[in-house]
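The values are calculated or read from the model by the stated rules, or taken from the named source; none is laboratory data. Being a predicted model, the structure only gives us computed values, none of them experimental. Don't worry about glycine lacking a Cβ; one is built from the backbone with ideal geometry, like all the others, and counts go over all protein chains shown. For accessibility, only protein heavy atoms count, side chains too; no ligands or nucleic acids. Shrake-Rupley method; radii C 1.70, N 1.55, O 1.52, S 1.80 Å.
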Amino acid sequence: MHITASAISLNVPDPAASARFLIEHLGFEEKMSADGFVSLDRDDAGLNVIYLRTGLASFKPRSAAGSAGEGLLVVFVVDDIDAEYARLRAEGVPIVTPIETEEWGERYFQMSDPNGIIIQLVQWV
């Protein structure tokens, strides 16, 4: 098997709001969109982020059609966590967990997008 790309697909009530958050604050670009669907990309992210409106009839399997969010973290590794934290706070991004450093070397903080999806930025120290 040869994997040519990776993506995460998240069901949310308002795909456009979550897409705007990643575009405005994390530099993603919209690659495709339709009613209830937005696909975002960033060359250095290593995956596409796709938002689907909760309840789309085309979503399969129906048993997994609930909203994303509970117990889910979307994580991106960055080079300078302190600079990103300062920048995003200055932009008014809702920070839900301030910077912490774990004993195993993970320095991170968490923010919430308009649909409650937790985005975590990490730097390994």
Consider A83 carefully, then state whether it is part of a helix (DSSP H, G or I), touching a residue at least 12 places away in the same chain (Cβ under 8 Å) and open to solvent by less than 60 Å² (accessible area, probe 1.4 Å).
no
Please go through (1) at pLDDT 95 or above; (2) open to solvent by less than 70 Å² (accessible area, probe 1.4 Å); (3) on the phi < 0 side of the Ramachandran plot for M32 and return the number of the only condition it doesn't satisfy.
(2)
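Return yes when A68 is assigned to a loop (DSSP other than H, G, I, E, B), without any contact (Cβ under 8 Å) to a residue 60 or more places away in the chain and loosely packed, with under 12 Cβ neighbours inside 10 Å and no when it is not. Before you say what the answer is, go through the steps one by one.
Details: assigned to a loop (DSSP other than H, G, I, E, B): yes; without any contact (Cβ under 8 Å) to a residue 60 or more places away in the chain: yes; loosely packed, with under 12 Cβ neighbours inside 10 Å: no.
In short, no.
Can you tell which of V75, V49, V38 is without any contact (Cβ under 8 Å) to a residue 60 or more places away in the chain, β-branched (V, I, T) and exposed (fewer than 14 other Cβ atoms within 10 Å of the Cβ)?
Values: V49 fails: exposed (fewer than 14 other Cβ atoms within 10 Å of the Cβ); V38 fails: exposed (fewer than 14 other Cβ atoms within 10 Å of the Cβ).
Within the list V75, V49, V38, the selection yields V75.
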